[in-house]
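A quick write-up on the structure given underneath.
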Amino acid sequence: MINVTKTYLPNKKNYQKYVDKIFNSGWVTNNGPLVKELESRLAKYLGVKNIVLVSSGTSALEIAYRTLEIKDYAITTPFSFVATTSSLITNGIRPIFADIDTKSLNIDPINIEKAITKNTSAIVPVHVFGNACNVEAIDKIAKKNNLKVIYDAAHAFDVKYKDKSILNYGDISTLSFHATKLFHTIEGGALIINDDSLVQKARNLINFGIENTESIPNLGTNAKMNEFEAAMGLCMLDEIENIEKQRERLYFTYKKELDGVVRFQQQNENSTLNYSYFPIILDSQEQTLKIQKALNSKDIFPRRYFYPSLDTLNYIEPKQFMPNSRDISERILCLPLYPELTKAEQMEIINIIKAVY
Ligand SMILES: Cc1ncc(COP(=O)(O)O)c(C=O)c1O
């Protein structure tokens with residue numbers, strides 16, 4: 001069976017070495033030495049100032065909203081994984097959607113401006129499939145309207161914009177380190193915080209809001225990363241360059257073979273790629289389902305990612321209609337892309353798509 005992705009497991013002996021360390025120290029969670037080591041190595045590798053590791057990409061978003069005290073309404077994209085929107089709602093913030101640009105698949109700054117009201121407190125864009133948003137336009141809008149910006153950068157590990165980490169844009173960027181991601185810690189995530197004065201507040205919030213043994217000034221939660229997860233991250237980091245290289249090779253094979261057959265996501269010219277996803281855009285939903293069925297019949301499972309468009313969720317209030325996002329979500333497929341995918345397997349996928357198209 002070929003799935004859209006496959007968890008990368010790093011060298012077992014290397015992981016074992018860290019497990020031995022954990023067993024020797026007996027320190028398994030609560031900001032342990034491996035969490036600290038991973039924070040410092042990741043900050044250097046990614047080129048960011050402040051990184052706070054947490055238990056998931058979803059908790060990273062939630063902690064970001066609480067750190068910045070986001071209230072009332074936030075403008076976000078309807079074309080994302082459900083957690084971008086559901087994390088707002090579970091924190092008492094109403095999502096107001098701004099439709100996407102159908103080429104980049106990212107939130108369109110023009111639509112952000114149109115959606116702003118006196119109750120808007122933040123913008124939550126997503127670098128969809130690692131493709132950098134129009135960060136300069138978004139930052140300009142945010143400054144002009146005094147809004148906070150939280151980038152959901154779950155897909156944008158190691159993406160550079162004009163030679164610097166894309167994660168340095170906005171007030172906070174969040175990452176997901178779920179097992180399916182390019183870089184993972186089994187479950188996990190991170191906040192990249194640009195204002196130094198907010199880092200300690202975020203650290204308190206992931207530990208129940210506790211400041212010290214006698215003071216709990218903020219409403220917090222438990223969003224801590226544990227030592228076994230940090231150990232996985234340290235092992236992944238040892239192999240990350242090789243992982244990216246293998247993904248790059250597969251990415252360009254798809255690009256070359258499917259060029260002129262299907263449509264691709266238009267990449268931001270000022271940013272690098274991390275080769276985490278390979279979305280293809282087809283002519284219609286009917287054609288999309290036909291290709292999916294043909295691949296499924298050979299035990300190949302691409303993913304309708306993202307589907308459905310988030311403005312169709314039954315718990316969204318007020319009701320909204322985002323035509324671009326709905327249109328794209330009905331005719332997009334993410335193809336299998338992971339280091340272990342063989343050349344023969346990839347060619348089988350390509351040939352099925354070409355035959356059905
Ligand atoms: C865009 C986006 N945001 C947030 C998340 C949530 O991350 P996690 O699964 O680590 O909670 C994901 C997960 O896939 C995602 O794709």
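A short reminder: the numbers here are calculations on the coordinates, not readings from a lab. Note that the structure is predicted; figures quoted are calculated from it, not measured. As a convention, Cβ positions derive from the backbone with ideal geometry for all residues, glycine included, and neighbour counts pool all protein chains shown.
Tell me, yes or no, whether region 197-207 has at least one residue that is of a type in the set (Gly, Ala, Ser) and within 27 Å of Lys224 (Cα to Cα). Yes, some residue in region 197-207 is of a type in the set (Gly, Ala, Ser) and within 27 Å of Lys224 (Cα to Cα). Figure legend. Inter-residue proximity from region 54-65: first residues farther than 14 Å from Asn226 by Cα, second residues within 9 Å of the ligand (Cβ to nearest atom) and in a helix (DSSP H, G or I), beta-carbon distance below 6 Å, spacing 6+ or different chains. Indicated pairs: Thr58/Ala83; Thr58/Ser87; Leu61/Ser87; Glu62/Ser87.
Taking region 78-93 as the range and being buried (at least 18 other Cβ atoms within 10 Å of the Cβ) and part of a loop (DSSP other than H, G, I, E, B) as the test, the residues that pass are Pro78, Phe79, Ser80, Phe81, Ile93.
Each residue in region 50-92 was checked for being in contact with a strand residue (DSSP E or B) (Cβ under 8 Å, 6 or more places away or on another chain) and of a type in the set (Lys, Arg), and 1 of them qualify.
Does region 177-185 contain at least one residue that is away from the ligand (no atom under 16 Å from the Cβ) and in contact with a strand residue (DSSP E or B) (Cβ under 7 Å, 6 or more places away or on another chain)? No: region 177-185 contains no residue that is away from the ligand (no atom under 16 Å from the Cβ) and in contact with a strand residue (DSSP E or B) (Cβ under 7 Å, 6 or more places away or on another chain).
For the residues Ile96, Ile75, the requirement of being surrounded by fewer than 24 Cβ atoms within 10 Å (Cβ to Cβ) and β-branched (Val, Ile, Thr) singles out Ile96.
Does Glu37 satisfy the criteria of being of a type outside the set (Ser, Thr, Tyr), out of contact with any strand residue (DSSP E or B) (no Cβ under 9 Å at 6 or more places or on another chain) and either away from the ligand (no atom under 16 Å from the Cβ) or part of a loop (DSSP other than H, G, I, E, B) (or both)?
yes
Looking across region 124-153, the residues that are away from the ligand (no atom under 15 Å from the Cβ) and either assigned to a strand (DSSP E or B) or of a type in the set (Lys, Arg) (or both) come down to Lys140, Lys143, Lys144, Lys148, Val149.
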